[in-house]
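Structure, as structure tokens:
The values are calculated or read from the model by the stated rules, or taken from the named source; none is laboratory data. Values in this document were obtained by computation on a predicted structure and should not be read as measured data. Cβ coordinates were reconstructed from backbone atoms using ideal geometry, including for glycine residues, and neighbour counts include every protein chain displayed.
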Amino acid sequence: MSGALYTRDILRLAVSIPHQKRLDDADGSAELRSRTCGSKVSADVMLGDDGELQDIGLEISACALGQASAAILGAQAIGRTVADISAVRDNLAAFLDGEGETPGPWPDMDKLAAARDHKGRHAAILLPYDTVIAAFADAAAKQKAV
């Protein structure tokens, strides 16, 4: 693995993941594992009446890139809707696939640019987003069941 992939900025982000706690009364929860690298992310969400994220709980077992990605998401997710998070995720995926100009609009997303040429790491980077989106879907399914 390239030494430039795990930069000082990535390592700083990896150790600064906010909201590293599971939520007791979550509206929705999800746990996903990457078949590519074995990373695992669990996410709990609490939503407001308007569908905006009020609280998030994350549990991350991933490489430094997955952890850094989770730190960026965790720092920006509160107050966002599933559409907001999905748009950022899709932008990041396009960038990683070589189709976008920038990794995304949120602070520190540019730090993930070093992973663009490392396709084996893309799943770990996207996993926190996919898991939070799945937790939103779980919350919506539970709400419909009521």
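Just one of the numbered conditions (1) in a loop (DSSP other than H, G, I, E, B); (2) over 21 Å from ARG8 (Cβ atoms); (3) of a type in the set (S, T, N, Q) is not true of THR102; which one?
Every listed condition holds for THR102 apart from (2).
Limited to the range 26-49, what total is found for residues that are out of contact with any helix residue (DSSP H, G or I) (no Cβ under 6 Å at 6 or more places or on another chain), at pLDDT 95 or above and outside any strand (DSSP E or B)?
2
I'd like the residue in the range 6-25 that is out of contact with any Cys (no Cβ under 9 Å at 6 or more places or on another chain) and outside any loop (DSSP other than H, G, I, E, B) and, out of all such residues, is surrounded by the fewest Cβ atoms within 10 Å (Cβ to Cβ).
Checking each candidate, the answer is ARG8.
Starting from the range 119-132, take each residue that is farther than 15 Å from ASN91 by Cβ and list its partners that are at pLDDT below 95 and polar (S, T, N, Q), counting only C-beta distances under 7 angstrom and pairs at least six apart or across chains.
What qualifies is GLY120/THR36; ALA123/SER34; ALA123/THR36; ALA124/SER34; ALA124/SER39; LEU127/SER34; LEU127/SER39.
Is it fair to say GLU31 is of a type in the set (Asp, Glu) and out of contact with any strand residue (DSSP E or B) (no Cβ under 7 Å at 6 or more places or on another chain)?
No: the conditions fail for GLU31.
For the condition modelled with pLDDT under 95 and farther than 20 Å from ALA4 by Cα, what is the one hit in GLY79, GLY57, GLY100, GLY120?
On inspection, the qualifying residue turns out to be GLY100.
May I ask you to say which residue of ILE56, ILE60, ILE78 is out of contact with any helix residue (DSSP H, G or I) (no Cβ under 8 Å at 6 or more places or on another chain), of a type in the set (Val, Ile, Thr) and in contact (Cβ under 8 Å) with a residue 12 or more places away in the chain?
Of the residues listed, the single one that is out of contact with any helix residue (DSSP H, G or I) (no Cβ under 8 Å at 6 or more places or on another chain), of a type in the set (Val, Ile, Thr) and in contact (Cβ under 8 Å) with a residue 12 or more places away in the chain is ILE78.
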